[in-house]
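Have a look at the structure below, then the notes.
Readers should treat all values here as calculations from the given coordinates under stated rules, not as data from a laboratory. Not measured: the values here are computed from a predicted model. Note that we place each Cβ from the backbone using ideal geometry, even for glycine, and neighbour counts take in every protein chain shown.
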Amino acid sequence: MRNLEISNQELSDLAEEALALAKGYWASLEERRTYPTTSGKQTTELFSRPWQESGRGREVLQDFKSIAEHVRPSTGRFFGYVVGSGEPVGALGELLAAVLNQNVTSWRSAPAATSIERAVVGWLAEAVGCPGFTGSLCGGGSTANLMALAMAREAKLPANETGVRPCVIYASEQVHMSIPKAVALLGIGRKNLRLIPVDDKFRMRTDALQAAIAVDREAGNMPIAIVATVGTIISGAIDPLPEIADIARREALWMHVDGAYGGLAALAAPEKFQGLSSADSLSLDAHKWLYQPLDCGCLLYRHPDIARKTFSHSDDYVRILSDDPTEAFAFFEESIELSRRFRALKLWMSLQYHGRHAYREAIARDLHHAQMLAQAIASQPELEQLAPVSLSAVCFRHRSKDNEAILRRVIARGRVYLSNATINGHFALRACFVNHRTTPDDVQAIVSEVIAAADEINR
């Protein structure tokens with residue numbers, strides 16, 4: 001037997017053992033702490049080891065048990081950041097995608113996988129009210145936003161051949177950190193990103209946007225794009241898309257919508273997303289509000305010709321010989337990636353296994369849970385809500401205790417997990433609901449845990 005080969009029987013035994021570990025982990029989720037009792041010292045001692053000359057064989061699978069004790073589990077009581085809950089059918093799809101080991105560069109390289117990804121991308125576009133948009137899956141919102149702004153640059157002030165010329169992009173002061181990163185990486189420069197003030201609901205002020213564009217034009221600067229956000233990372237605010245679209249149209253600017261957090265909620269609450277279909281490009285994260293295992297981002301766009309103008313540059317060895325439009329399709333001509341894994345299979349399986357109705361209801365339940373928490377906070381005189389609840393993020397604080405100390409204590413107690421934010425200069429406790437496992441009791445536990453943690457401070 002050649003090196004690295006194993007017998008069919010041993011492979012079958014390994015697969016059964018691995019699946020048993022996964023099933024045991026899923027079954028134990030609600031018994032686990034929301035954050036492990038661990039430290040940097042412990043994880044270094046456990047997992048920093050030399051790569052030995054001789055293999056360990058199947059005993060290496062037993063490492064999973066100790067790994068699982070030092071990870072942040074996807075329980076129904078995890079409300080930190082914007083992290084989906086890892087739907088299990090999607091996880092099985094991820095395993096099968098790895099078994100198939102497809103490099104989804106093009107139809108020629110991966111016929112079924114390419115067709116499935118194009119179909120899934122179409123489902124996502126239609127689900128958020130943007131039928132006819134095309135695009136591709138990617139690692140996450142950061143990559144999708146980078147690609148979108150690269151397209152905006154090439155559409156408005158091409159730079160691929162001769163280099164970047166000075167230009168300006170506009171976004172809310174609540175914009176996600178990936179936008180300043182993208183502006184820097186594209187050579188536009190963070191000083192050319194105008195951060196527009198927000199209103200009392202944390203939405204971009206369109207009067208300030210219009211004024212900023214006018215100032216730049218008067219100064220001889222070249223505006224190229226506006227980034228609107230549906231679901232700001234702190235409060236979940238939704239920028240006024242119809243008004244921003246009007247400005248973008250009037251000023252001949254590219255309109256990108258960062259929907260990595262909130263965009264897929266359009267499936268359950270389309271009334272909140274009027275104007276989304278006016279975008280030139282839109283980022284989504286299926287590993288947030290479609291609950292898929294990481295990673296599963298998506299970039300949708302209206303103009304595939306601009307995607308090809310932006311990303312097409314290939315060598316002869318990948319030249320496609322077919323004239324058939326389906327068989328000639330290549331993702332690498334419309335995206336930043338060449339090597340691409342089969343991300344679409346988990347979505348293909350999970351979305352069809354459960355159906356559209358189940359996903360719509362799960363998202364609606366998350367939205368309801370956020371309103372439940374807001375009501376529970378309002379019923380507690382010692383707590384104060386700090387921002388409107390536009391989607392599923394709830395920011396609040398204890399009125400009289402050290403909220404940073406409360407957060408540390410809540411996490412140490414291990415019953416719920418919250419993250420933090422800053423709202424108008426105040427340290428905020430933040431709960432975000434993108435979790436298909438969460439129950440009403442889990443929501444109520446947030447308030448009781450915060451109050452219990454506050455009572456334990458300065459005893």
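Model label sites at Leu338 and Ser115, defined 7 Å from Cα along the beta-carbon direction, differ in position by 2.7 nm.
Computed from the C-beta positions of Met222 and Asp295, the FRET efficiency with R₀ = 41 Å rounds to 0.75. How large is log10 of I(q)/I(0) for region 128-178 at q = 0.12, 0.25, 0.32 Å⁻¹ when the intensity is taken from the Debye formula with one equal scatterer per alpha-carbon? One equal scatterer on each Cα of region 128-178 leads to -0.37, -1.14, -1.19. Peptide packing: for 90-100, 5-15, 423-433, 278-288, the average count of neighbouring Cβ atoms within 10 Å per residue gives the ranking 278-288, 423-433, 90-100, 5-15, highest mean first. If R0 equals 45 Å, the separation of the Cβ atoms of Asp199 and Ile6 corresponds to a calculated FRET efficiency of about 0.15. Shape class for region 1-119, computed from the alpha carbon gyration tensor (a ≥ b ≥ c): oblate, with a/c not under 1.5 and a/b at or below b/c.
Over all pairs of different C-alpha atoms, region 282-379 has a mean inverse distance whose reciprocal, the Kirkwood radius, equals 16.8 Å. Report the normalised scattering of region 228-304 as log10 I(q)/I(0) at q = 0.14 Å⁻¹, calculated by the Debye formula with identical scatterers on the alpha carbons. Values, matching the q order: -0.43. Looking at region 356-456, the pairs of alpha carbons with a distance over 15 Å make up 59% of the total.
With a cut-off of 11 Å between beta carbons, the residues surrounding Asp207 carry a summed charge of -1, where Lys and Arg count +1 and Asp and Glu -1. Modelled spin labels at Thr326 and Val60, positioned 7 Å past Cα toward Cβ, are 4.0 nm from each other.
Take the Cβ atoms of Gln274 and Ser48, set R0 to 56 Å, and the FRET efficiency comes out at 0.60.
As a proxy for reagent exposure, ranking Tyr359, Tyr25 by other Cβ atoms within 10 Å from fewest up yields Tyr25, Tyr359. Over all directions, the projected convex hull of the C-alpha atoms in region 134-227 averages 6.8 nm² in area. Within the straight-line cut-off of under 19 Å between alpha carbons, the aspartates and glutamates reachable from Lys191 are Glu173, Asp216, Glu218, sequence neighbours fewer than 8 places apart in one chain being disregarded.
List the aspartates and glutamates whose Cα lies under 12 Å from the Cα of Lys309, skipping any in the same chain that are fewer than 8 positions away. Reachable aspartates and glutamates: Glu154, Glu161, Glu333, Glu334. Neighbours of Gly236 by Cβ distance under 12 Å: Lys/Arg scored +1, Asp/Glu scored -1, total +3.
Only helices enter this figure: runs of n ≥ 4 DSSP H residues, each worth -39500 (n - 2.57), summed and divided by the residues of the chain, yield -13000 deg cm²/dmol at 222 nm to the nearest 500. Over all projection directions, the Cα-based convex hull of region 92-354 averages an area of 14.1 nm². If the cut-off is a Cα-Cα distance under 26 Å, which lysines reach Lys41, setting aside same-chain residues fewer than 8 apart in sequence? Hits, sequence-local ones excluded: Lys65.
Whole Å is fine, so just give me how far the alpha carbon centre of region 391-422 lies from that of region 47-98. Spelled out, the Cα-based centre of one part sits 27 Å from the other. Summing +1 for each Lys or Arg and -1 for each Asp or Glu among the other residues whose beta-carbon sits under 13 angstrom from that of Gly163 gives 0. For a modelled paramagnetic label at Asp207, 7 Å from Cα along Cα-to-Cβ, the residues of region 246-286 in reach, with backbone nitrogen under 19 Å, are 246-248. For the chain, what is the convex hull (Cα atoms) projected area averaged across all directions, in square nanometres? That works out to 25.8 nm².
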